[in-house]
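Colleague: Got a structure for you, written out below as structure tokens; questions coming shortly.
The numbers here are math on the coordinates, done by the rules we state, and not lab data. Keep in mind that this is a model prediction, so the values were computed, not measured. Cβ sites come from the backbone with ideal geometry, for glycine too, and all protein chains shown count toward neighbours.
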């Protein structure tokens, strides 16, 4: 009987401990609660911060932390987090109908310095950072051929190209994350650079043939420098032509205006319309007017 009770207790502790979820920085992580359904209420916490509280019947509640805006509850119980940040790592607690389930989200970042493709025979360092544990775990790198390595490359070789693995352990489990390394040949110096190196004086105080050395250095400029110089000269020439044409045009307008102002043309006589119609006929004379008879001459008075 004691054995059965102890087995049930251990099984319950294991189920409550949950599991470790591993994800990369910026990716999406999905945390399973540990139950497929609930009858009353489902609550997700990150540490002591509330994320989601979903009742079976009622309005859900949301917390006020940053992770709330980037997380949703999928398929009733699963918590899905998008664009994972370093601050999201840690302990998550899912409570379904009073049953508590704990999970740990580990956010792993792997990178190399310098970034990008590594140059042959250069120095490089591989980094592996694990967030979400109380103490940083000890990590170990494995080369593409499976050999253990510290992650510090004193001289990059062609055999370093490939997939490296960052290995670390937690609570009896072993986890890993991969990093792809590319190696390229160092760039060979161009002929112009080699000629410039040859033309450089061996002593700082040398002044012999300085003019010829300067001319040779100018001839060794890059093609884009010559293109920039040519474009600049063309723009200057076009501006000069534009200014000359504009000045001539302004002078021509001034001269024309002055000529019109000084000598205006005299006004032309007005031209009237002349008609070729025949002249009107003379007005016929009416009958002569009767002349009044002149008065009779006065007779002298008779003397008595």
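Colleague: Among the residues of the stretch 146-165, how many are touching a strand residue (DSSP E or B) at 6+ places or on another chain (Cβ under 8 Å) and in contact (Cβ under 8 Å) with a residue 12 or more places away in the chain?
Modeller: Summing the residues that are touching a strand residue (DSSP E or B) at 6+ places or on another chain (Cβ under 8 Å) and in contact (Cβ under 8 Å) with a residue 12 or more places away in the chain in the stretch 146-165 gives 13.
Colleague: Where residues in the stretch 171-186 are surrounded by fewer than 16 Cβ atoms within 10 Å (Cβ to Cβ) and in contact (Cβ under 8 Å) with a residue 60 or more places away in the chain, which of them is nearest to residue 110 (Cα to Cα)?
Modeller: Filtering first and then ranking leaves 178.
Colleague: Related question: Considering only residues that are in a strand (DSSP E or B) and closer than 18 Å to residue 119 by Cβ, which ones fall in the stretch 140-184? Working first, answer last.
Modeller: So the first thing to find is which residues in the stretch 140-184 are in a strand (DSSP E or B), and the list is 140-142, 148-149, 152-153, 162-170, 173-181, 183-184.
Of everything in the stretch 140-184, those that are in a strand (DSSP E or B) and closer than 18 Å to residue 119 by Cβ turn out to be 152, 153, 162, 164, 179, 180, 181, 183, 184.
Colleague: Every residue in the stretch 122-139 that is closer than 20 Å to residue 153 by Cβ and in a loop (DSSP other than H, G, I, E, B), please. Write out each step before concluding.
Modeller: From the stretch 122-139, those closer than 20 Å to residue 153 by Cβ are 122-129, 138-139; that's our starting set.
122, 123, 138 - these are the residues of the stretch 122-139 that are closer than 20 Å to residue 153 by Cβ and in a loop (DSSP other than H, G, I, E, B).
Colleague: If residue 34 meets every condition in (1) part of a strand (DSSP E or B); (2) within 22 Å of residue 170 (Cα to Cα) apart from one, which number is that one?
Modeller: Of (1) part of a strand (DSSP E or B); (2) within 22 Å of residue 170 (Cα to Cα), only one is false for residue 34: (1).
Colleague: Against the definition (free of Cβ contacts under 8 Å to residues at least 24 places away in the same chain and crowded, with 17+ Cβ neighbours inside 10 Å), how does residue 81 come out, yes or no?
Modeller: The answer is no for residue 81.
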